């Protein structure tokens, strides 16, 4: 069967059921699938070794939190939903995937959809040499809620910069603070201190892992977006997301970050993440 797939899922307290929904051959990505679905809460994660995942319970919790923040609370039954996901992955060909769970909050509140696409592996050269980013002024309403309407906003912004060879668009608050990437969390390193926005951004699962690793390594953490005007003085920057893990950013708005190469703090966190990963993975 195709790696691009969409499923209707029933995951109740004591039973679950999946049913595949036929997609047109023109549909090639999770975002294109999401554009077909009713608006609602969503979370996206990746698999490792085909059927293993990291922090799946956190993804379920974030889904519930988003429905509450949207004032349309939906209860997740983790055991049933996990069983449904396992049944879906058993139907997929080999390899790793991105999964997106969407909860309809508009047409049929509480209806669950699961979509999949093959995972696009980030080139190793990006981790070794670092990526580039641009800044864009954007503050989201209800920033802790992960809503599908944000996907359309992000897609529209990316289209504005389609000719720019960048790996992420980083958002700025009206007050001039660095917030987050369109599909990632952002971190700046200045004098061995790590800065990352807290109140106005999504609490990404890999962000939480990176913060835990940074605390264990003894780095000071300031949970506040670093001012845009201070970017010229930072030593390092990186982003986190489920598909890219921890990715160094060595250029912002066409200006080098620090030395223009991945720095020691970022390299250590990448190393620590990779060391931790195999110990924390779980079978769906």
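Can you say whether residue 160 is in contact with a helix residue (DSSP H, G or I) (Cβ under 8 Å, 6 or more places away or on another chain), modelled with pLDDT of 95 or more and loosely packed, with under 14 Cβ neighbours inside 10 Å, as far as the supplied structure shows? Criteria not met by residue 160. For segment 1-27, what are the residues that are in contact (Cβ under 8 Å) with a residue 24 or more places away in the chain and surrounded by fewer than 12 Cβ atoms within 10 Å (Cβ to Cβ)? If the condition is that a residue be in contact (Cβ under 8 Å) with a residue 24 or more places away in the chain and surrounded by fewer than 12 Cβ atoms within 10 Å (Cβ to Cβ), then 1, 12, 13, 14, 15 are the ones that fit.
When residues of segment 67-79 are filtered for being buried (at least 20 other Cβ atoms within 10 Å of the Cβ) and either on the phi > 0 side of the Ramachandran plot or outside the structural domain of residue 30 (by TED's automatic domain parsing) (or both), how many remain? Counting residues in segment 67-79 that are buried (at least 20 other Cβ atoms within 10 Å of the Cβ) and either on the phi > 0 side of the Ramachandran plot or outside the structural domain of residue 30 (by TED's automatic domain parsing) (or both) gives 0. Within segment 240-260, being farther than 17 Å from residue 125 by Cα, part of a strand (DSSP E or B) and in contact (Cβ under 8 Å) with a residue 24 or more places away in the chain holds for 241, 252, 255. Confirm whether residue 88 is part of a helix (DSSP H, G or I), touching a residue at least 60 places away in the same chain (Cβ under 8 Å) and surrounded by 17 or more Cβ atoms within 10 Å (Cβ to Cβ). Answer is yes for this residue.
All conditions in (1) over 24 Å from residue 60 (Cα atoms); (2) in contact (Cβ under 8 Å) with a residue 12 or more places away in the chain; (3) out of contact with any helix residue (DSSP H, G or I) (no Cβ under 9 Å at 6 or more places or on another chain) hold for residue 135, with the sole exception of (3).
Does at least one position in segment 272-280 carry a residue that is modelled with pLDDT under 95 and either out of contact with any strand residue (DSSP E or B) (no Cβ under 6 Å at 6 or more places or on another chain) or assigned to a strand (DSSP E or B) (or both)? Yes: segment 272-280 contains one or more residues that are modelled with pLDDT under 95 and either out of contact with any strand residue (DSSP E or B) (no Cβ under 6 Å at 6 or more places or on another chain) or assigned to a strand (DSSP E or B) (or both). Residues of segment 110-126 that are on the phi < 0 side of the Ramachandran plot and without any contact (Cβ under 8 Å) to a residue 60 or more places away in the chain: 121, 123, 124, 125. Restricting 82, 100 to those that are assigned to a helix (DSSP H, G or I), surrounded by 17 or more Cβ atoms within 10 Å (Cβ to Cβ) and either in contact with a helix residue (DSSP H, G or I) (Cβ under 8 Å, 6 or more places away or on another chain) or in the same structural domain as residue 158 (by TED's automatic domain parsing) (or both) reduces the list to 82. Selection of segment 224-236 for residues being in contact (Cβ under 8 Å) with a residue 24 or more places away in the chain and either assigned to a helix (DSSP H, G or I) or not assigned by TED's automatic domain parsing to the domain that holds residue 201 (or both) yields 228, 229, 230, 231, 233. Can you name every residue in segment 183-208 that is more than 22 Å from residue 235 (Cβ to Cβ), touching a residue at least 40 places away in the same chain (Cβ under 8 Å) and crowded, with 18+ Cβ neighbours inside 10 Å? Once the filter is applied, which keeps residues that are more than 22 Å from residue 235 (Cβ to Cβ), touching a residue at least 40 places away in the same chain (Cβ under 8 Å) and crowded, with 18+ Cβ neighbours inside 10 Å, segment 183-208 yields 183, 202, 205.
Remark: residue 221 matches the filter, which requires a residue to be surrounded by fewer than 22 Cβ atoms within 10 Å (Cβ to Cβ) and outside any helix (DSSP H, G or I). The set of residues in segment 261-282 being touching a residue at least 40 places away in the same chain (Cβ under 8 Å) and either within 15 Å of residue 213 (Cβ to Cβ) or exposed (fewer than 12 other Cβ atoms within 10 Å of the Cβ) (or both) consists of 265, 266, 268, 269, 270, 272, 273, 276, 277, 280.
The values are calculated or read from the model by the stated rules, or taken from the named source; none is laboratory data. Values in this document were obtained by computation on a predicted structure and should not be read as measured data. Cβ coordinates were reconstructed from backbone atoms using ideal geometry, including for glycine residues, and neighbour counts include every protein chain displayed.
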